[in-house]
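Asker: Before anything else, here's the structure in question.
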Amino acid sequence: MTIRHFTTLADCTPAELAYLIRRAGVLKARHRAGERHAPLPGRVLAQIYEKASTRTRVSFEAGIAQLGGSAIFLSPRDAQLGRGESIEDTARVISRMVDLVMIRAFRHETVTRFAAASQVPVINGLTDHAHPCQLLADIQTWSELRGPVAGRTVAWVGDGNNMCNSYLTAAELFDFRLRIACPEGYEPDAALLARHADRVELLRDPLAAAAGADLVTTDVWASMGHEDEMEKRAAAFAGYCVDAAVMAAAAPDAIFLHCLPAHRGEEVAAEVIDGSQSAVWEEAENRMHAQKALMEFLLLGEQAD
């Protein structure tokens, strides 16, 4: 079988992404029913972390265990990508010993270079450019609650970061419209904006972005690696909190999503994230189920059962 990687959503076709969302739902239902589904016995997932994460580590380790495999955790001290050894040499060695590699890195190039030299599938667990696994979980969550996302409107409020970039790609592949509200100087990737110009509207007003939207989502104002910009970003993003007024501007049955961790009182009000329109806890769990579907797909292809 040809080696497939998942560095961005664009590594899959719309049909394959639709399959992954359906499959994630099947695996979730089986898990909740107490049914054992272990199609990956003896398979090993290597996890390489330049950026620490609670949800990424737990969701991947629990996911591969439920599929019958196991995981190896490599902290920044255990795998100094590109510092003590070239990224390519690290990939050549590790990929001879494991069946899958997940990398959570700063630079997107780290993941793409590793994938180019790897003998096994490589999954982007997050880079400064993209967070495709989170988008799988987000779309799965929406689909469970509201059905197909095609033709719907999503409002992104806040920093034009890796999550925003992935929503741009998702808008094309899942066929929805995206409105982005961000302050000047914090726009998402310019090339992605241009590529998906027919799907996206860039605004400055969160209320305008949220008007009639079916889904409202955001992220922290200062992601890992931007801690030294906290004061500057807090000033720039004042007025970009997803609060009750923003949600009131959205469609009456709109849901709220957040990839977590969240800072209540900054990018989202407590009344929103803890309110009735919030689906963030289901979204967090769905990281595990979506990634199970992804790992199964990368190693075994599409499954009928």
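Coordinate-derived values only; no laboratory data. Just so it is clear, the model here is predicted, and its values are computed rather than measured. Note: ideal-geometry Cβ built from the backbone for every residue, glycine included; neighbour counts use all protein chains shown.
Asker: Could you tell me the calculated FRET efficiency between D198 and I3, based on Cβ-Cβ distance and R0 = 22 angstrom, to the nearest 0.05?
Answerer: Approximately 0.10, to the nearest 0.05.
Asker: Another one. Set the Förster radius R0 to 25 Å, insert the Cβ-Cβ distance between R32 and D274 as r into 1/(1 + (r/R0)^6), and round the FRET efficiency to 0.05.
Answerer: In this case the efficiency is close to 0.60.
Asker: Figure the gain on full extension for D78 and E229 (residue separation times 0.36 nm, minus the Cα-Cα span) and round it to one decimal in nm.
Answerer: Once the chain is fully extended between D78 and E229, it gains 51.5 nm.
Asker: Right, next: Loop only per DSSP, at most 12 neighbouring Cβ atoms within 10 Å: give me the chymotrypsin sites (Phe, Trp or Tyr not before Pro) in the range 101-143, ordered by residue number.
Answerer: none
Asker: Additional query: GluC sites (Glu not before Pro), restricted to the range 136-231: which are DSSP loop and have at most 11 other Cβ atoms within 10 Å?
Answerer: Passing sites in the range 136-231 are E184.
Asker: Please give the Cα centre distance for the range 87-113 versus the range 122-201, rounded to the nearest Å.
Answerer: Answer, in whole Å: 25.
Asker: Output the Kirkwood hydrodynamic radius of the range 134-283, Cα pairs only, in Å rounded to one decimal.
Answerer: The Cα-based Kirkwood calculation yields 15.0 Å.
Asker: OK, next. So what is the relative contact order of the range 134-283, in percent, for Cα pairs below 8 Å that sit 6 or more residues apart?
Answerer: Rounded, it is 24 percent for the range 134-283.
Asker: Moving to a separate point now. Determine the relative contact order of the chain: mean sequence separation of Cα pairs under 8 Å and six or more apart, normalised by residue count, in whole percent.
Answerer: 20 percent
Asker: Can you give the Rg/Rh ratio of the chain, where Rg is from the C-alpha atoms and Rh is the Kirkwood radius?
Answerer: So for the chain, dividing Rg by the Kirkwood Rh gives 0.96.
Asker: Let me ask you something else. Residue by residue through the range 106-119, what is 3J(HN,Hα) from phi via Karplus (6.51 cos²θ - 1.76 cosθ + 1.60, θ = phi - 60°)? Round to whole Hz and write x for glycine and proline.
Answerer: With coefficients 6.51, -1.76 and 1.60, one gets 7, 8, 4, 4, 4, 5, 5, 5, 4, 4, 5, 9, 7, 8 Hz.
Asker: Then there is this: On a full-extension model of 0.36 nm per residue, what is the gain between D205 and T13, subtracting their alpha-carbon distance, rounded to one decimal in nm?
Answerer: 65.8 nm
Asker: Can you spot the lysines whose alpha carbon is less than 16 Å from K292's alpha carbon? Ignore those fewer than 8 places along the same chain.
Answerer: K28
Asker: Stretched out fully, how many nm does the piece from A190 to T54 gain, at 0.36 nm a residue minus the Cα gap?
Answerer: 45.9 nm
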